[in-house]
1. With respect to ASP441, is the statement that it is open to solvent by 50 Å² or more (accessible area, probe 1.4 Å) and either modelled with pLDDT of 95 or more or over 26 Å from the mean Cα position of the chain (by Cα) (or both) true?
2. Just the residues that are modelled with pLDDT under 95, open to solvent by 20 Å² or more (accessible area, probe 1.4 Å) and either touching a Lys or Arg at 6+ places or on another chain (Cβ under 9 Å) or not in a loop (DSSP other than H, G, I, E, B) (or both), please, taken from segment 117-138.
3. When only residues in segment 25-66 that are farther than 18 Å from THR80 by Cα and either touching a His at 6+ places or on another chain (Cβ under 6 Å) or among the small types (Gly, Ala, Ser) (or both) count, which is surrounded by the fewest Cβ atoms within 10 Å (Cβ to Cβ)?
4. Please return the ranges of strands (runs of 3 or more DSSP E) entirely within segment 17-84 where 3 or more residues are touching a residue at least 24 places away in the same chain (Cβ under 8 Å), within 16 Å of LEU112 (Cα to Cα) and touching a helix residue (DSSP H, G or I) at 6+ places or on another chain (Cβ under 7 Å).
5. For GLY209, work out the one condition from (1) at pLDDT 95 or above; (2) more than 29 Å from ASP375 (Cα to Cα) it doesn't fulfil.
6. Condition (residue is in contact with a His (Cβ under 8 Å, 6 or more places away or on another chain), at pLDDT below 95 and open to solvent by 10 Å² or more (accessible area, probe 1.4 Å)) applied to segment 335-351: is it met by at least one residue?
7. Can you pull out every residue in segment 488-507 that is within 11 Å of TYR382 (Cβ to Cβ) and open to solvent by 20 Å² or more (accessible area, probe 1.4 Å)?
8. Tell me the strands (runs of 3 or more DSSP E) entirely within segment 432-507 that contain at least 2 residues that are closer than 16 Å to ALA401 by Cα.
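The values are calculated or read from the model by the stated rules, or taken from the named source; none is laboratory data. As the structure is a computational prediction, the values presented were derived from the model and not from experiment. Methodologically, a virtual Cβ is constructed for each residue, glycine included, from the backbone with ideal geometry; neighbour enumeration extends over all protein chains shown. Ligands, DNA and RNA are stripped out before the accessible areas are found, and what is left, the full protein with its side chains, is counted by its heavy atoms. Shrake-Rupley method; radii C 1.70, N 1.55, O 1.52, S 1.80 Å.
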Amino acid sequence: MIRIPAATGLVALALTTAAQADLTISTAPTRHVTCTAGVCKAGAANAVLNVDQLTGLLAAGDVTVKPKRLTGLVVAAPITWANASSLTFEVLPYYKPLTIAAPIVVEGTGGLSITAWDLLYRPGGRIDFWDTSSQLAVEAGISFGKYTLVNDLAALAAAVASNPSGHYALARDYDAGGDGTYSGSVVSTTFDGSFQGLGHTVSNLSLGGSGDVGLFANASGNAGLSDVRLQNVNILAGVKSHVGALVGSFRGRIYGASSSGSVTAGDNCICGGLAGSGHFVWGGGQPATIARSSSSAAVTVNRHGVVGGLAGSAGAVTLSHATGNIVFGPHSITGGLLAFPEDQVLQSWASGNQTPRHPGFAHSSGGLLGLSRSDTRVAYSYSMGSVMSGGDKTRIGGFIAELSGGPIEQSYSVSPVLAPDEASRHHRGSRVGAFLGYTHDETIVSDYWDIDTSGMTKACGNRCDGIVGLHDAQLKAHLPDGFDTTYWAQSPSINNGYPYLIDNPPE
């Protein structure tokens, strides 16, 4: 069983730091916390548990840490213990997260148990186990169960092959450089369970082959892949492949994952920097989802590609971004974030540039999305990377290449809309716009484009209403009309002065 908040809950859930209302484990003196019989319980908001006091208690036995009702818990200082004691974090009731901003290191055979609405890793935060026989239980975010710990990718692949529905967690960082180049996905068995990276990094992973290609080949609708960083991947896939650093093809959930490096594929691929093809569940059910994830990987494909900086396609994407550049061949559909969303895209952004190998051929490119379905909702999102017009029947939009009518709310584009020459914007059947390339119908609510950075005074390649053009100085002067400060903020020192998402800030 994999539990995940509804999409609206993911959007509403704010990123948590060491906020004043949370119980924080730090080097500061203990305040408003009483520890009795192995249970440390906060008696007020704004509580602190001294990390040395906690590790001293762990040296003597098991410890349970409970924040005050309706507050979260933040690990802000490293926690290390080397005996058989177990540490339990119990963040109840739900709707509050456990935020790990410093290492938790289980050096002995001790265990760790986590219950929370969400599990958030900050830079420097991770959970290390020195002994894979240690016990780990997690009920938070998309993780639910008792986990088998693995030290390396070979152990992960063998464990999934033995039990595809199991729960597995990476016990420490892993450098795959010594593994050589895998001739296909590391985990080739269809995965039906849950995988927790525990905030760890898998570096220097090299893959080749065709079909479904990634760390995981494919993941079912029950699967959850979370909290792993894939650093400096090198993927080279053949024709007709579904390709992504984390997973080639998936119907499940991706959460808190990231990738960097390069992804390259041949003709007719569905591919992205993090994931390849995310399938939508027709007739109800949970769509393939990506949340709180990112990619800076460069993606290069040949002709007839469906290509996104984050993923080729997905059902729903929230609180995610992509910064990698895309190079593509003729007759491809590309989006800075996604080529093809099917349900919703919320609180997300893209800044990678998209460049056709042969600008004279038809393609569809959008700064954020390629093609958006009639029932896809896009809200609180923006695009910054450049797109380039091409040959006949090309669809180019600074924000979306082609929109079938779904609503777009509180979004903007500063994407440059480039052309090899002015005539290429007017090829036969082509539609080029600063915000939308082509729209069949649209519902526009508080949407904007930058006249100066786009180089265009026309919002859409065909007729559209309601999208407002602003000069660069106007867009940087204050939040545009209709932008909700629950989601948006602005500062001259952040995002080059453009509006940014509070819960998904720029890197």
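1. Yes.
2. Passing the criteria: only TRP117.
3. Of everything passing the filter in segment 25-66, ALA37 is surrounded by the fewest Cβ atoms within 10 Å (Cβ to Cβ).
4. Details: elements: 23-26, 33-36, 39-42, 48-50, 63-66, 73-75, 79-81.
Passing ranges, in order: 79-81.
5. Failing condition for GLY209: (1).
6. Within segment 335-351, not a single residue is in contact with a His (Cβ under 8 Å, 6 or more places away or on another chain), at pLDDT below 95 and open to solvent by 10 Å² or more (accessible area, probe 1.4 Å).
7. If we filter segment 488-507 for residues that are within 11 Å of TYR382 (Cβ to Cβ), which is where we start, we get 488, 495, 498-501, 504, 506.
Selection gives ASN495, TYR500, PRO506.
8. On the way: elements: 436-439, 443-450, 467-470.
So the answer is 436-439, 443-450.
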